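Peer 1: The structure that follows is given in the form of C-alpha cells.
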Amino acid sequence: MCAMEQSRFTLRIHPLIMAKMKYIAETNGRSVNKEIEQILKWVISDFENKRGRIHIDEEDQPGFRGTRTNKEQLRRLEEQAQMRSRPISSALFKINK
C-alpha cells in the first residue's frame, strides 16, 4: 500500500503509554506510528489465527464507491453482532494507577 492509500487515524493515549511506546519504537528502530502499526498487525494475526481469516468485502475496502443494498447492510450488521458476542482473549496489558 503506498502512502497515498493509507488511512489516517487520530489516537488519544495516556502519556505514560506514549512515553513507553516511544522507548519501544526507538529500541526497535521504528517511529511510534510504525511501532503501533506493527502491534496492530500482530493483534490482527493473533485474532485471525484464533477465529479465522477476516474477509473484507470489496465495498468495504478503501476507495470503493459502490452502494450497498439494505439487505447487504443488514447481513453485515448481523455478522458484526455475532463476532462481538464471542469472547476474545484477555487485555494485552493493564495500566496501574
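The values are calculated or read from the model by the stated rules, or taken from the named source; none is laboratory data. Just so you know, these numbers come straight off a predicted model, no measurement behind them. Positions of Cβ are generated from backbone atoms using ideal geometry, with glycine treated the same way; all protein chains shown enter the neighbour counts.
Peer 1: Under the condition of being among the basic types (Lys, Arg), surrounded by 11 or more Cβ atoms within 10 Å (Cβ to Cβ) and in a helix (DSSP H, G or I), which residue from the stretch 54-95 is modelled with the lowest pLDDT?
Peer 2: The residue in question is Arg76.
Peer 1: Separate question: Are any residues in the stretch 1-30 part of a loop (DSSP other than H, G, I, E, B) and either over 30 Å from Arg75 (Cβ atoms) or not hydrophobic (A, V, I, L, M, F, W, C) (or both), and if so, which ones?
Peer 2: Cys2, Gln6, Ser7, Arg8, Thr10, Leu11, Arg12, Ile13, His14, Asn28, Gly29, Arg30
Peer 1: Turning to a different aspect of this structure: So which of Arg30, Arg51, Arg12, Arg8 is surrounded by fewer than 12 Cβ atoms within 10 Å (Cβ to Cβ) and in contact with a helix residue (DSSP H, G or I) (Cβ under 9 Å, 6 or more places away or on another chain)?
Peer 2: Result: Arg51 is the single residue among Arg30, Arg51, Arg12, Arg8 that is surrounded by fewer than 12 Cβ atoms within 10 Å (Cβ to Cβ) and in contact with a helix residue (DSSP H, G or I) (Cβ under 9 Å, 6 or more places away or on another chain).
Peer 1: Let me confirm something: among Asn33, Asn49, which residue is part of a helix (DSSP H, G or I), of a type outside the set (A, V, I, L, M), modelled with pLDDT of 90 or more and over 25 Å from Ile17 (Cβ atoms)?
Peer 2: Matching residue, one of Asn33, Asn49: Asn49.
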